[in-house]
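Reviewing the structure listed below.
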Amino acid sequence: MSAKFELIAEPRAAKGTGASRRLRRSGKVPAILYGAGKEPMMVRWTTMRCRVIWRMKSFTTSILTVKVGGDTDQAILRDWYMHPYKPVVMHVDLQRISVPRRFT
């Protein structure tokens, strides 16, 4: 049985190093969601939620459900950046996947 992971993210407007640092200080993890023929979307979610999910081994190889506002996308974890010596996630890259429709 595979685990199902649901990430509830918030859109973010500010981009750049300074904006990402402010997010991290406020307890958020900056991320980007791209692929599947859609525009890239900058998002964020809480660090505490990230810590809980990150400890599960199947998280890095699972198909994730990402909810941003009213939109729901399926994505895979493409890359993540950790702090050099703290167990803190600095940034996450999520790649959308397009699921083909089944023919009946």
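The values are calculated or read from the model by the stated rules, or taken from the named source; none is laboratory data. Just so it is clear, the structure is predicted and the values come from calculations on it, not from any experiment. Cβ: placed from backbone, ideal geometry, glycine included. Neighbour counts: every protein chain shown. Quick note on the areas: whole protein, heavy atoms, side chains included, nothing else; ligands and nucleic acids left out. Shrake-Rupley method; radii C 1.70, N 1.55, O 1.52, S 1.80 Å.
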Exercise for the section: Determine if the range 10-25 includes at least one residue that is among the aliphatic types (A, V, I, L, M), open to solvent by less than 90 Å² (accessible area, probe 1.4 Å), in a strand (DSSP E or B) and in contact (Cβ under 8 Å) with a residue 12 or more places away in the chain. Expected result: no
Problem - Residue list for the range 14-23, filter: at pLDDT 90 or above and either out of contact with any His (no Cβ under 9 Å at 6 or more places or on another chain) or among the acidic types (Asp, Glu) (or both) - result: Gly16, Thr17, Gly18, Ala19, Arg21, Arg22, Leu23
Handout entry: Residue list for the range 52-101, restricted to those being closer than 18 Å to Ser20 by Cβ, outside any loop (DSSP other than H, G, I, E, B), open to solvent by 90 Å² or more (accessible area, probe 1.4 Å) and charged (D, E, K, R)
Key = Arg78
